[in-house]
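> This structure is in structure tokens; I'll ask about it shortly.
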Amino acid sequence: MPLSDPAKNPAHLRQLEEWLRSYRPEELFDERGRLLPELADLAPKGPRRMGANPHANGGLLLHDLRMPDFRDYAVQVPSPGTGGIGDTHILGRFLRDVIRVNADQRNFRIFGPDETISNGLEAAFEATNRQWEADMETNDEFLAPTGRVMEMLSEHQCEGWLEGYLLTGRHGLFNCYEAFIHIVDSMFNQHAKWLKVSAALPWRPKIASLNYLLSSHVWRQDHNGFTHQDPGFIDHVVNKKAQIVRVYLPPDANCLLSVMDHCLRSRHYINVVVAGKHPAPQWLPMDAAVVHCTEGIGIWPWAGNDSGAEPDVVMACAGDVPTLETLAAVSILRAELPELKIRVINVVDLMKLEPATEHPHGLSDMDFDSLFTTDKPVIFAYHGYPWLIHRLTYRRANHHNIHVRGYKEEGTITTAFDMTVLNDMDRFHLVQDVIDRLPQLISRGAYLKQRLQDKLVEHRRYICEHGEDMPEIRNWKWPGPAAK
């Protein structure tokens, strides 16, 4: 670098020559410039060469995980809205047994910044402990020199551990609070770029996917508040090449099990899965969940009433809390405006919204139009920042009719339902959105709209007085028929 222009600067050229001759090339090369044979023989041979070491080309060492049947962990859902203990708590049992059945191969670990229990994966400690090399105190929990859980309060360290683990031919899962996964944004960037480039190299077999489980998410931070509310990692992820990134928003535990089974089996992707840990309604029996997750997006016919007819409005949702609020809004609409034809669409695989020309999971324009129509209002409740849905769908024929509710940087330490109210994604706002966008309801829906606005005032007064959501919110149940 100091010799900036040796081609035109004679002084620099002399300095360059002096520097190169200081290596005594006459002792290293023959008269034709070839490395002397006795020196070439010192180099390692075969797989002992740095570039040929199989540990530097982990796909050569990779073995499939042994996978328990995720269906064995299914939540029984006799009817939509059955109560659940928290989706990640169910997933934890599945991951516990992934650890158990691969114990002899020792090729699967869970990584996370001291949040494995907090994120609902406590069942993992029934099969293993945290890896720990330092001294232990009598009151320490789940520490051992042979644990399969790697924890340190450093997202950077956990990401580096996991990337190294994958690059050397093993499998893993990174669980993290959703708001703090941003800490590894740049590390995610580099791994995504490496995956893109290495996928085109025939001598590099594919490695196991980098799997993120984001829990303790934006909509359920009732004791942490605004500091822990940020769903923007999804926006960051979708910037990367389509053949590399996948984003999944399972609406319940059975869908989460199906999605995670797929992610752990996959190769050479970055999979981001967002799921809640708090008690939440369960919507689909396992067989229906598998079909729904395989398709990635679909109409829930049991929730709507437009079968055999054109819908008046499409109610779409992506994420566990948006699904709950959408179905609660639909229950109000069906009770108050029974003549209204409503179609309910749930999105598990976010990349389905992109055109097929942009992402391998994307829907064709024909399939998208079949689901969302070309001219009907679409009220879309989304887990993250609402503008991402517009970005993914801006080329679609009905984009001008897609109205998205999501997180818009409004939050505090408050009740679960109030978080949705603060961001206008609650059931009462969603119903008002429908009324505002259907000309036939502008006048006829005025009384219903007024009652919903009154409800929002009542909600505010109630939580300020009681510190919890109204009973009709806490105890709400889906009133419809059973899911098929």
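> Based on what the data block shows, is His359 under 27 Å from the mean Cα position of the chain (by Cα) and more than 18 Å from Asp312 (Cα to Cα)?
yes
> List pairs: first in region 163-192 and part of a strand (DSSP E or B), second among the β-branched types (Val, Ile, Thr), Cβ under 6 Å, 6+ apart or cross-chain?
Leu173/Ile110
> When you check Ser266 against the structure, is it assigned by TED's automatic domain parsing to the domain that holds Ile181, at pLDDT 95 or above and surrounded by 20 or more Cβ atoms within 10 Å (Cβ to Cβ), yes or no?
It is false that Ser266 is assigned by TED's automatic domain parsing to the domain that holds Ile181, at pLDDT 95 or above and surrounded by 20 or more Cβ atoms within 10 Å (Cβ to Cβ).
> Output the qualifying pairs, or none if there are none: Cβ atoms under 6 angstrom, residues six or more apart or on different chains, first residue in region 319-344 and under 17 Å from Thr82 (Cα atoms) and in the same structural domain as Asp426 (by TED's automatic domain parsing), second residue modelled with pLDDT of 95 or more and in a helix (DSSP H, G or I).
Filtered contacts from region 319-344: Glu325/Thr420; Glu325/Arg427; Ala328/Arg427.
> Within region 449-471, can one find any residue that is at pLDDT below 95 and not in a loop (DSSP other than H, G, I, E, B)?
No, every residue in region 449-471 fails to be at pLDDT below 95 and not in a loop (DSSP other than H, G, I, E, B).
> Moving on. Which of the residues belonging to region 97-153 are part of a helix (DSSP H, G or I) and among the basic types (Lys, Arg)? Spell out the reasoning first.
So in region 97-153, the residues part of a helix (DSSP H, G or I) come out as 97-101, 122-126.
Passing the criteria: only Arg100.
> OK, next. Could you please tell me which pairs satisfy a Cβ distance under 6 Å, a separation of 6+ or placement on different chains, a first residue in region 57-75 that is basic (Lys, Arg), and a second residue that is part of a helix (DSSP H, G or I)?
Arg66/Val101; Arg71/Met286
> Hey, Lys408 hits all of (1) under 20 Å from the mean Cα position of the chain (by Cα); (2) buried (at least 16 other Cβ atoms within 10 Å of the Cβ); (3) within 30 Å of Asn475 (Cβ to Cβ) but one; which does it fall short on?
Lys408 satisfies every listed condition except (2).
> What's the number of the condition Ala328 fails, among (1) in a loop (DSSP other than H, G, I, E, B); (2) crowded, with 21+ Cβ neighbours inside 10 Å?
(1)
Residues checked against (1) modelled with pLDDT under 90; (2) surrounded by 10 or more Cβ atoms within 10 Å (Cβ to Cβ); (3) on the phi > 0 side of the Ramachandran plot:
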position	(1), (2), (3)
Leu3	yes, yes, no
Leu13	no, yes, no
Trp19	no, yes, no
Arg32	no, no, no
Leu39	no, yes, no
Pro47	yes, yes, no
Met50	yes, no, no
Asn57	no, yes, no
Leu61	no, yes, no
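> Shifting gears a bit: Out of all the residues in region 113-150, which are over 19 Å from Ala103 (Cβ atoms) and buried (at least 19 other Cβ atoms within 10 Å of the Cβ)?
Pro113, Glu115, Asn119, Gly120, listed by residue number.
> Scan region 297-314 and give yes if some residue there is free of Cβ contacts under 8 Å to residues at least 12 places away in the same chain and not in a helix (DSSP H, G or I), otherwise no. Step through it out loud before you land on a result.
Taking region 297-314 and keeping what is free of Cβ contacts under 8 Å to residues at least 12 places away in the same chain, we get 307-308.
Now restrict to residues that are not in a helix (DSSP H, G or I): 307-308.
Among the residues of region 297-314, at least one is free of Cβ contacts under 8 Å to residues at least 12 places away in the same chain and not in a helix (DSSP H, G or I), which makes the answer yes.
> Further question on the same structure: Is it the case, given these coordinates, that His156 is assigned to a helix (DSSP H, G or I), farther than 24 Å from Leu91 by Cα and in contact with a strand residue (DSSP E or B) (Cβ under 7 Å, 6 or more places away or on another chain)?
no
> Taking Ala7, is it outside the structural domain of His262 (by TED's automatic domain parsing), out of contact with any helix residue (DSSP H, G or I) (no Cβ under 9 Å at 6 or more places or on another chain) and either in a loop (DSSP other than H, G, I, E, B) or farther than 30 Å from Leu256 by Cα (or both)? Show your work before the answer.
On the way: outside the structural domain of His262 (by TED's automatic domain parsing): yes; out of contact with any helix residue (DSSP H, G or I) (no Cβ under 9 Å at 6 or more places or on another chain): no; either in a loop (DSSP other than H, G, I, E, B) or farther than 30 Å from Leu256 by Cα (or both): yes.
The answer is no for Ala7.
> While we're here: So the check is Cβ under 8 Å with 6+ separation or different chains; which pairs have a first residue in region 34-55 that's outside any helix (DSSP H, G or I) and a second one that's surrounded by 10 or more Cβ atoms within 10 Å (Cβ to Cβ) and not hydrophobic (A, V, I, L, M, F, W, C)?
These pairs meet every condition: Leu36/Asp30; Ala43/Arg49; Asn53/Pro47.
> If you check Lys206, Lys196, which single one turns out to be in contact with a His (Cβ under 7 Å, 6 or more places away or on another chain), in the same structural domain as Gly172 (by TED's automatic domain parsing) and surrounded by fewer than 20 Cβ atoms within 10 Å (Cβ to Cβ)?
Sole residue among the options that is in contact with a His (Cβ under 7 Å, 6 or more places away or on another chain), in the same structural domain as Gly172 (by TED's automatic domain parsing) and surrounded by fewer than 20 Cβ atoms within 10 Å (Cβ to Cβ): Lys206.
> Restricting the search to region 223-272, which residues are touching an Asp or Glu at 6+ places or on another chain (Cβ under 6 Å), assigned to a helix (DSSP H, G or I) and farther than 19 Å from Ser186 by Cβ?
Correct list: Ala253, Leu256.
> Any chance region 200-213 includes a residue that's among the polar types (S, T, N, Q), at pLDDT 95 or above and closer than 21 Å to Ser118 by Cβ?
Looking for residues that are among the polar types (S, T, N, Q), at pLDDT 95 or above and closer than 21 Å to Ser118 by Cβ, one finds at least one in region 200-213, hence yes.
The values are calculated or read from the model by the stated rules, or taken from the named source; none is laboratory data. None of these values were measured; they are calculated from a predicted model. Backbone-built Cβ (ideal geometry, glycine too); neighbour counts: all protein chains shown.
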